[in-house]
Amino acid sequence: MKNNFLIALAFLLLGFTLSKANSNYTDRDDKEYFSSFRKNEEPKHKKFNILNKKSEVAGENFYVIYKENSLGEGFYFKIVLDKNEKPIATYYANESDNKISDSTIKNLQKVIFGPEKATDAIGETTTQCVTKCHRANGCYSKPTSTGVLLCSAECGIECA
C-alpha cells in the first residue's frame, strides 16, 4: 500500500513537472531562426506573395530565409525546387505590416530567374556586392548544386 502511494506520488510530481515545463515554452524568434536557409519550414502567420513562377508543377522542397534590405525593411524569401533540385518559383513575405519597397521586389524577382548576365539586372555597385559576398561565403566551392544555388541566392537577396 505504501509503495503504491509513493509510485502514485512520483507520477503526480512527474506530470506536474512536465506540464509546467511545457507551459514555459516560448515561441521561436522567426527572424533569428530563418537567418540562414531552412528546408521545408516556414515562419508562422506569414503570407507569401509570388515573385516568379517557372512551372505549374508542385515543388518537392522549398527553402526560406529572412533578410533585411539596405532600408532596414525585413522580409522572408522562399525558393521552391522541383524533384531535380531546380528552382521553379520564388516568393516573398513582409516581416511586418509595412511593405518592402518596389525596387527591392524588382531586385528579388531577378535573384533566381534573372537575365543571363547579372550586369543586365543590377547596377555596378550591387554586382560588386554580390561578387564580394560570393567570395566571402565560398559559394562556388559548395559540394552540391543546391548549395551553390542557395548561397548565391542569399548573396543576391542580401545585396537587393
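The values are calculated or read from the model by the stated rules, or taken from the named source; none is laboratory data. Just so you know, these numbers come straight off a predicted model, no measurement behind them. Note that each Cβ is placed from the backbone with ideal geometry, even for glycine, and that neighbours are counted across all protein chains shown.
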Restrict the check to region 91-111 and report whether at least one residue is on the phi > 0 side of the Ramachandran plot and modelled with pLDDT of 80 or more. no
Could you check region 127-148 and list, in sequence order, the residues that are touching a helix residue (DSSP H, G or I) at 6+ places or on another chain (Cβ under 8 Å) and aliphatic (A, V, I, L, M)? V130, V148
Scan region 58-76 and give yes if some residue there is loosely packed, with under 13 Cβ neighbours inside 10 Å, over 23 Å from D29 (Cα atoms) and at pLDDT 85 or above, otherwise no. no
